[in-house]
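J.: Take a look at this one; I'll ask things after.
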Amino acid sequence: MSEFKPILTEFIDQKNCHTFDFYESKGGYSALKKALSMSPEDVIEEVKASNLRGRGGAGFPTGLKWSFVPPDSDKPKYLINNADESEPGTFKDRLLMNKAPHQMLEGMIIAAYSIGCHTSFIYIRGEFYKECRILEEMIGDAYEHNLLGKNILDSGFNLDIVIHRGAGAYICGEETALLESLEGKRGWPRIKPPFPAIEGYLKSPTVVNNVETLSCLPHILNRGAEWFRSIGPKKGPGPRLFGVSGTVNNPGVFEEEMGIPLKDLIFDRAGGISNGGKLKAVFPGGSSSAILTAEEAMDVRMDFDELSEKKSMLGSAGVIVMDETVNMVQACLNIARFYAHESCGQCTPCREGTTWLVKMLTRMVHGKGTSKDIDMLFEITDNIGGLIDFSKGSYGKTICPFGEAVAWPVRSFVEKFKDEFLQCIMKEEVVA
Amino acid sequence: MESKGKLFQYTDNKKVENILSQYPDNRSATLPLLHLAQAQLGYISTGAINAVAKLTETHPAELMDCVSFYSMFYLCPQGKYKLQVCQTLSCSLNGADNIVEHISKKYKIKPGETSTDGKFTLMKVECLGSCGTAPVVQINNDYHEGLTIPELDELLENVQ
């Protein structure tokens, strides 16, 4: 096991760690001072060189995302901090906002400076009421210390930040749905292109970054891209907050380097399976990732590429553990119901498909499945999320990735635990 | 009810102005203005829709299209205490169903219903982002994490 020391969560157990005074006493805002003394282009280059990839779920390279913003555009540029954490199994951004909000804010100011943004938004999920209060205090303190407002730290750079509360829609974590929501509309994802970096909020160039991604920035500026690259796998390095929940003894958020073996997270950090039970299956990266069987889970590292090879994904790094007592058909129904509830309704395959998945899985849970149901489940998931063949890249039947986010996990349940689904078929059907 | 609703006025106009001043266009202020209206009224009335539509320069029907999309906006009055039980996987694996059943029996309400005294509304909600401290129940604005049934009972006694 590695000797990794927490970077983003180093101080979260200390008293008043969320305050400005505490953060400053630990050297906070020194990275901002450094960034403001550099040119925006140099900051972008440094972040590009760090190989930082987004922590929200998609894992897109952060520096590259920033570099798509046209520097010569005469439109205002916007930075949006995506704090709409809603992916089942994920609860790490909430921790960062509760315990280290100024680290995130410093990252935001650095990002805004790099892309030339003067008005920035924090889109925080509406249910995070307490966290919203903490962020309001944070913003107040930042204005008081000239970290926001006009001529920040005598650099000539101006920035205002607005906290914007969502209102209970999972889809608004998808960046174009978030933009629609911020514009005061229902959160319906947009067809891309144009990508937000060209035409985002109010048709202006916009960058959307996740809370944890932004929280990495002060450390990259302070300690350099090379240091960041040295943590974990080169292609997707850095610290990562892994949420582990479900049937484990010690659930929680664990900061580790990218690439930690999944079994270490489950059996060491999270203290193993509840009640001395046996591992059955795991979501490695939130409920939108395909599940892994116990056998697969014991032999995989939490790395973007390795999980893709296993036909799953690192996603939001929310690990949901299921022990041997968990009924896989019920668990599958639970997840399908989540997606049916959260489908925005814009694309027919997703809106209708998720509803049908719930209907079929409900009847299966009640032992009333028919012999055609297994094939039909595959047919529906294929229709929502495309045929899942990563090698051919044949997916994408809906405007946003929500379609795949429901198709992949549901299909993985049926494929990997087919026996349990077969048991849900009416007895007379099986005989026939 | 309707005529009362149509007369909706914000009690804190300064807050309204402050919200509008934060955004480059008025329509972007829609969600915060709706939150403010709901904090005042407990739900979004027809009157509130008309008021927000006017402020955000949208048609009330267009605004309704937005309001109805979001699960946190209520189109009718709710109980004084909204018991929002997370039912997504990690909470479900840690006893969320028992909590729903307990509340159901205790106040004789099904999910979506309000107790006859108007105090409690039971809601099954999707992932609240508190999976590590499952099961979680959000009562109005506050999260209550890692709840056992006795703890929940104590909590409910205290809010009565």
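Values in this text are rule-based calculations from the coordinates and carry no lab data. As the structure is a computational prediction, the values presented were derived from the model and not from experiment. Quick reminder, even Gly has a Cβ in these numbers, built from the backbone with ideal geometry, and neighbours come from all protein chains shown.
J.: What percentage of all Cα-Cα pairs in region A:20-229 are separated by more than 27 Å? Can you show the working numbers first?
T.: Numbers: 5152 of 21945 pairs.
Cα-Cα pairs of region A:20-229 separated by over 27 Å account for 23 percent.
J.: Quick check: the distance between the Cα centres of region A:270-292 and region A:1-70, to the nearest angstrom?
T.: Going from one Cα centre to the other spans 30 Å.
J.: Any idea what angle helix A:40-49 forms with the longest principal axis of chain A, computed on alpha-carbon atoms, 0 to 90 degrees, nearest 10?
T.: So the inclination is approximately 40 degrees.
J.: Return the lysines within reach of A:Lys368: Cα separation strictly under 20 angstrom, same-chain partners fewer than 8 residues apart disregarded; answer none if there are no such residues.
T.: Result set, ordered by chain and number: A:Lys359, A:Lys418, A:Lys427.
J.: Tell me whether region B:81-159 comes out rounded, prolate or oblate; compute the Cα gyration tensor, take square roots of the eigenvalues as a ≥ b ≥ c, and use a/c under 1.5 as the rounded threshold. Before the final figure, lay out the partial values.
T.: Numbers: a/c = 1.65, a/b = 1.50, b/c = 1.10.
Prolate is the answer for region B:81-159, as a/c is 1.5 or above and a/b outweighs b/c.
J.: When the helix-only estimate is applied to the protein assembly as shown (DSSP H runs of n ≥ 4, each -39,500 (n - 2.57), divided by the residue count), what is the mean residue ellipticity at 222 nm, nearest 500 deg cm²/dmol? Walk me through the numbers on the way to the answer.
T.: On the way: 26 runs with 249 residues, N = 592.
Roughly -12000 deg cm²/dmol at 222 nm, from the helical runs in the protein assembly as shown.
J.: Here's another thing I want to ask about it. Would you work out if region A:287-415 is rounded, prolate or oblate? Take a ≥ b ≥ c from the square roots of the eigenvalues of the alpha-carbon gyration tensor; rounded if a/c is under 1.5, else prolate when a/b is larger than b/c, oblate otherwise.
T.: Working: a/c = 1.70, a/b = 1.17, b/c = 1.45.
It is oblate, given that a/c is not under 1.5 and a/b is not larger than b/c.
J.: Compare the peptides B:141-151, A:87-97 by average per-residue count of other Cβ atoms within 10 angstrom and give them in order, highest first. Provide the component values of the computation, followed by the final result.
T.: Values: B:141-151: 14.3, A:87-97: 28.3.
Result, highest mean Cβ count within 10 Å first: A:87-97, B:141-151.
J.: Give the percent of DSSP beta bridges with both residues in region B:81-159 that are antiparallel, rounded to the nearest 5. Write out the running numbers ahead of the final one.
T.: Working: 7 of 13 bridges.
Among the beta bridges of region B:81-159, antiparallel pairing accounts for roughly 55 percent.
J.: Test of understanding: express the Cα radius of gyration of the protein assembly as shown as a ratio to 2.2 N^0.38 Å, with N the residue count.
T.: Normalised Rg, Cα atoms only: 0.95.
J.: Could you work out the mean projected area of the convex hull around the alpha carbons of region B:26-160, in square nanometres to one decimal? Don't jump to the answer; show the numbers that get you there.
T.: Details: hull surface 34.0 nm².
Orientation-averaged projected area of the Cα hull: 8.5 nm².
J.: For A:Glu144 and B:Lys108, what does the FRET efficiency come to when R0 = 35 Å and r is the distance between their Cβ atoms, rounded to the nearest 0.05?
T.: Values: r = 51 Å, r/R0 = 1.47.
E(calc), rounded to 0.05, equals 0.10.
J.: Relative contact order for chain B: what percent, with Cα pairs under 8 Å and sequence separation of 6 or more? Don't jump to the answer; show the numbers that get you there.
T.: Values: 217 pairs, mean separation 28.5, N = 160.
Once normalised by length, the contact order is 18 percent.
J.: Please go through the residue pairs A:Lys26/A:Lys150; B:Lys15/B:Lys80; A:Lys65/A:Lys192; A:Lys99/B:Lys80; A:Lys310/A:Lys416; B:Lys82/B:Lys124 and name each one whose alpha carbons sit more than 19 Å apart in this structure. The partial results should precede the final answer.
T.: Numbers: A:Lys26/A:Lys150 25 Å; B:Lys15/B:Lys80 24 Å; A:Lys65/A:Lys192 15 Å; A:Lys99/B:Lys80 30 Å; A:Lys310/A:Lys416 13 Å; B:Lys82/B:Lys124 10 Å.
From the list (A:Lys26/A:Lys150; B:Lys15/B:Lys80; A:Lys65/A:Lys192; A:Lys99/B:Lys80; A:Lys310/A:Lys416; B:Lys82/B:Lys124), the Cα-Cα distance tops 19 Å for A:Lys26/A:Lys150; B:Lys15/B:Lys80; A:Lys99/B:Lys80.
J.: For a Förster distance of 60 Å, can you work out the FRET efficiency between the beta-carbons of B:Glu62 and A:Asp268, rounded to the nearest 0.05?
T.: Working: r = 53 Å, r/R0 = 0.89.
With R0 = 60 Å, the Cβ-Cβ based efficiency is 0.70.
J.: Counting DSSP beta bridges with both partners in the protein assembly as shown, what percentage is antiparallel, nearest 5? Don't skip to the answer; put the middle values down first.
T.: Working: 23 of 51 bridges.
Percentage antiparallel, nearest 5: 45.
J.: Nearest 10 degrees is fine. How inclined is helix B:149-159 to the longest principal axis of chain B, computing both from alpha carbons?
T.: Approximately 40 degrees, to the nearest 10.
J.: For B:Tyr81, list long-range residues whose amide hydrogen, built 1.01 Å from N in the peptide plane, is under 5 Å from its own amide hydrogen.
T.: Excluding prolines and chain starts, which carry no amide H, the hits are B:Phe120, B:Thr121.
J.: Against the longest principal axis of chain A, how steep is helix A:328-342, in degrees 0 to 90 to the nearest 10, with axes from Cα atoms?
T.: Once rounded, the angle reads 50 degrees.
J.: Further question on the same structure: How far apart, in nm, are the 7 Å Cα→Cβ label points at A:Ser25 and A:Ser371?
T.: Result: 7.3 nm between the two label points.
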